[in-house]
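Input: a single structure, listed below in structure tokens.
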Amino acid sequence: MAGKSQWGEHAREQILEKLSIGKSLREICSAEGTPSESLVRKWVMQDEDFGAQYARAREAGMEALADEILQIADSQEGDILKTEDGRELVNHDAIQRAKLRVDTRKWIMSKIAPKKYGDRLDLNHSGSIDTMSDTAVDARLAYLLGKAGVAPVAGGEGEAEETKPAGDL
């Protein structure tokens, strides 16, 4: 396979290991002395064994990102600033940055592994569906057609309204 002998198994193992701890493929491949991102994606598509290993590494990476989310959310580092006179001020920028970091990881996880981390959609019907008998449907249809002036209506209900030709306004 193209590129396999040039990089060898060690390079592949390093990529898989870094993916499994939550690093992005772009970050991994931007380091000097590593294969390009497009080459790694080509390996995934052409080599079934590597593709399966890649998928497992990505799954493990999602677990690592989940752990990272907890760590970010639980950390209070930088949330409070102390002034020279000893007052404590809330650092809203640090809190917003932490929120952005958490939200970004959640979004990535929901896109890469939607079955596990995506939003759950409740597609269950909770109302009721009323059914009509064929006779009732026929009666309703006849009534509506009579109102539209298309057909006579039984029982005198829904008299057809007089229509004028298009030219007579």
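The values are calculated or read from the model by the stated rules, or taken from the named source; none is laboratory data. What you see is a predicted model; the values in this text were computed from it and never measured. Glycine also receives a Cβ, built like all others from the backbone with ideal geometry; neighbour counts cover every protein chain displayed.
Observations on the model:
- Residue in the range 73-130 that is farthest from the chain's Cα centre (by Cα), counting only those that are farther than 30 Å from residue 60 by Cα and of a type in the set (S, T, N, Q): 83
- Matching option when the condition is of a type in the set (D, E, K, R), modelled with pLDDT under 95, closer than 30 Å to residue 54 by Cβ and surrounded by fewer than 12 Cβ atoms within 10 Å (Cβ to Cβ), among 82, 116, 111: 111
- Residues (under 26 Å from the mean Cα position of the chain (by Cα) and either farther than 24 Å from residue 67 by Cα or without any contact (Cβ under 8 Å) to a residue 24 or more places away in the chain (or both)) located in the range 19-42: 24, 25, 26, 27, 28, 29, 37, 38, 40, 41, 42
- Looking across the range 85-99, the residues that are surrounded by 11 or more Cβ atoms within 10 Å (Cβ to Cβ) and closer than 28 Å to residue 20 by Cα come down to 94, 95, 97, 98, 99.
- Residue-level check: of (1) touching a Lys or Arg at 6+ places or on another chain (Cβ under 7 Å); (2) farther than 30 Å from residue 25 by Cα; (3) modelled with pLDDT of 90 or more, residue 158 misses just (3).
- Checking residue 16 against (1) in a helix (DSSP H, G or I); (2) touching a helix residue (DSSP H, G or I) at 6+ places or on another chain (Cβ under 6 Å); (3) at pLDDT below 95, the condition it does not meet: (3)
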